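Single-structure report; data block below.
The values are calculated or read from the model by the stated rules, or taken from the named source; none is laboratory data. Values in this document were obtained by computation on a predicted structure and should not be read as measured data. Note that each Cβ is placed from the backbone with ideal geometry, even for glycine, and that neighbours are counted across all protein chains shown. Note: accessible area is taken over every heavy atom of the protein model, side chains too, but ligands, DNA and RNA are not part of it. Shrake-Rupley method; radii C 1.70, N 1.55, O 1.52, S 1.80 Å.
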Amino acid sequence: MKTGPDRTGLPGELGILVRLDGGSPLPELTAALDAVCEQAGERGERTVVVLRFTPAPHQPREWPGGVSIQEVKRWERAVRRLERLDHVNIAAVEGTCGGPVLDLLLAADYRIAGPDLRLLLPVNEGHFWPGMTLYRLVQHIGLARARRIVLWDSAIELGDATELGIVDQVSEDLTEAVHTAAVLRGRLSDRETRIRRRLLEEAASAEYEDALGVHLAACDRELRRLSGNVPEPTEAPQ
């Protein structure tokens, strides 16, 4: 099994490709995710990070298995690290996939699925795994739909995943779809994308008056960038 970062598969050095097996142990997946984030951070040019999930013949429904809370914490930190990269990240998934895939799909900027996608929800003895997937589901699709999935569903079929916005594109040729997405979205893969991603996230919960100042600061930065007066690097909105 290969979980380490791999630049092959993205012609023209468009970005970094990592192949992940959703049935791998949690520590291996965490190490792979940290490694690709580290590699992306070392690249100064615009880079796309692609997560390619390989379906396993017998995907376990149980997730994350016999691990410690410290290992769970490291996993959640790695997923959040991916979410906060300056670079656009694309997830490509096919077949029947288990627990960690939903975590990473919800953390991705753009999600491509094969026509045979089926997501097995992370369930242990009938109970949905209470990780940050719960939080991301509510943020992504709203409380009512998330409640239905968490309390009643055992899998997400392709039609539902597309209708809910968990999948952005369906393609029979994932390699070609990933290459096209990397070319188009790689042009936007920089720190400005991270700032806009954070503004989108905060718009779901922030009051208008609280959000106004942060958006005006981002607008001021953009106006100065467009005029050639590049502002000094500052932290993205918290």
Counting only helical runs of four or more DSSP H residues, what would the 222 nm mean residue ellipticity of the chain come to if each run contributes -39,500 (n - 2.57) and the total is spread over all its residues? -14500 deg cm²/dmol
Roughly what % of DSSP beta bridges within the chain run antiparallel, to the nearest 5? 25 percent
Net charge over other residues, Cβ less than 10 angstrom from the Cβ of Leu174 (K, R count +1; D, E count -1): -3
So, relative contact order of the chain in percent, Cα under 8 Å, 6 or more apart, is 18 percent
Reported label for calculated mean projected area of the Cα convex hull in nm² given (i) 13.7; (ii) 16.2; (iii) 14.9: (i)
Ranked from the most accessible area to the least, with a 1.4 Å probe and all protein chains present, what is the order of Tyr110, Tyr208? Tyr208, Tyr110
Express the carbon and sulfur contribution to the solvent-accessible surface of the chain as a percent, rounded to the nearest whole number, probe 1.4 angstrom. 54 percent
Would you check the accessible area of His127, probe 1.4 Å, heavy atoms only, in square angstrom rounded to 10? 130 Å²
Counting only heavy atoms of protein chains, what accessible area per residue, in Å², does the chain have with a probe of 1.4 Å? 51 Å²
Report, in whole Å, the centroid distance computed from the Cα atoms of region 134-190 and region 15-44. 20 Å
